[in-house]
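A.B. asks: To start, I am sharing the structure in question, which I have written as C-alpha cells.
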Amino acid sequence: MVQELVIAAVAAVSGAAVYGMAAARVVKQYERGVVLRLGRLHDRVRPPGFTMIVPGVDRLRKVNMQIVTMPVPAQDGITRDNVTVRVDAVIYFKVVDPASAVIAVEDYRFAVSQMAQTSLRSIIGKSDLDDLLSNREKLNQGLELMIDSPSVGWGVQIDRVEIKDVSLPETMKRSMARQAEADRERRARVINADAELQASKKLAQAAQEMSSQPAALQLRLLQTVVAVAAEKNSTLVLPFPVELLRFLERAQQGQPPAEVQQPQSPSVPPSVPQAVPEPAPPSGYDGSSPRGESRARTESRARGEDLAQAGSRAARLPATDPPAPPGPGTAPPDPAEERQPGGAHTEPLARH
C-alpha cells in the first residue's frame, strides 16, 4: 500500500513538473506578451518577466517594443519638373499597441516597408528637383505623415523618416555644375567690379592729395621702385619723371648758367669737309637693264672703298705746321731738295 502511494506521489510530482515546464514563459524587458486562448485574444497583455499559460489552450506571442530602423529601397521616379531621379530613405518606428500589431495586421514590418515605398514615390512625383535637393525637411515631414496615417491602426508609431540620397543622371549633374560655375563667375565679376570702383575712388582721392604736394608723387615713385627691386629675377625700367625736370628747371632759373669754353689747339687746323664729286657712270652703262644696274653697283662700291681707305691713311699722318715764308736774306728752297732720296716724288694721299 505504501509503495503504491509513493509511486502515485512521484507520478504526481513528475506531472506537475512537466506541466510547469510547459506552462512557464519568460518575457524580456523590451517585449510584451499577447495571449491567444483557444484562438481568442486574452484581455490582459503579459508584462516583462515570468508568466504562466495553459499548455495546449493558450498561445503566447511576443512583440518587440524597441525602435526599429528600416531602410527603404531606392525608388525611381519623375519629379514635377520632369527630371528622372532615384531616391532612397530610412524610417524609424516602434510598436505602441502589441495587441493591434498582432491582430490588426499580419506582418506589421512588411506593411510599414511597403507603405514607405509607395509614399516615397508619391512624394517624388509631387516635388520639384530643387525641393528634393534643398528642402528635405519639409519632404521628410510630409513623408512621415503619409506613412503614419495608416499605421496608427496597426499599433505602430512612426518616429522619423529621412531621405538619404538623391541620385541624378550624369547629364543633369553636368548641367548643374555648369550653372553653378556660371553663377560663381558672375559673383566673382561683380566683386571685382565693386573692388575696382572702390579702388578708383581711393585713387582719385590720393591724386587730389598729391596734386597739392608734388614731392609726394616722387616719394610714391621711389616706394614703387623699392617694391619692384625686391625681386631678383626682374628687370627694372626706371622712367624719368617730367615733374623732376620742371623742378630742376625752376631751381636753375635763379642762377645763370656757367659758360664752358673749350680750348682749341692752334697747331691743328680744323678739318673742313670737302665735297667728293660723284663719279660719272662708266661707258656703255645701260640703266634700264638688270645687268647694267648690277655692274654699276659693283663699280660704285669699289670706288667707295678706295675713298674710305684714302681717308683713313690721311687721318693717320701727323699734322705739320705750314712752312714759314722766306726772309729777305734767305734763299728760296731748291725744288731738288724736296725730292726723296730715291728720286721719286711722293704720291698723293687721295685720288679724286
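A.B. asks: Do we have any residue at all in the stretch 127-136 that's open to solvent by 20 Å² or more (accessible area, probe 1.4 Å) and polar (S, T, N, Q)? Step through it out loud before you land on a result.
C.D. replies: Our first condition is that a residue be open to solvent by 20 Å² or more (accessible area, probe 1.4 Å); within the stretch 127-136, this holds for 128, 130-131, 133-136.
Next cut, polar (S, T, N, Q) only: 134-135.
Yes: one or more hits.
A.B. asks: Go through the stretch 137-150 residue by residue and tally those that are buried (at least 19 other Cβ atoms within 10 Å of the Cβ) and closer than 18 Å to ARG86 by Cβ.
C.D. replies: 2
A.B. asks: Now a separate question. LEU217: part of a helix (DSSP H, G or I), modelled with pLDDT under 90, hydrophobic (A, V, I, L, M, F, W, C) and open to solvent by less than 90 Å² (accessible area, probe 1.4 Å), yes or no?
C.D. replies: Details: part of a helix (DSSP H, G or I): yes; modelled with pLDDT under 90: yes; hydrophobic (A, V, I, L, M, F, W, C): yes; open to solvent by less than 90 Å² (accessible area, probe 1.4 Å): yes.
For LEU217, the condition - part of a helix (DSSP H, G or I), modelled with pLDDT under 90, hydrophobic (A, V, I, L, M, F, W, C) and open to solvent by less than 90 Å² (accessible area, probe 1.4 Å) - is met.
A.B. asks: Run down LEU120, LEU133 and say which single residue is under 17 Å from VAL90 (Cβ atoms) and hydrophobic (A, V, I, L, M, F, W, C).
C.D. replies: Of LEU120, LEU133, the one residue that is under 17 Å from VAL90 (Cβ atoms) and hydrophobic (A, V, I, L, M, F, W, C) is LEU120.
A.B. asks: Within the stretch 40-98, which residues are open to solvent by less than 60 Å² (accessible area, probe 1.4 Å), outside any loop (DSSP other than H, G, I, E, B) and free of Cβ contacts under 8 Å to residues at least 40 places away in the same chain?
C.D. replies: Within the stretch 40-98, ARG46, GLY49, THR51, ASP58, LEU60, VAL63, ASN64 qualify.
The values are calculated or read from the model by the stated rules, or taken from the named source; none is laboratory data. These figures come from a predicted structure and were not determined experimentally. Positions of Cβ are backbone-derived with ideal geometry, glycine not excepted, and every protein chain shown enters the neighbour counts. Heavy atoms of the whole protein, side chains included, go into the accessibility calculation; ligands, DNA and RNA do not. Shrake-Rupley method; radii C 1.70, N 1.55, O 1.52, S 1.80 Å.
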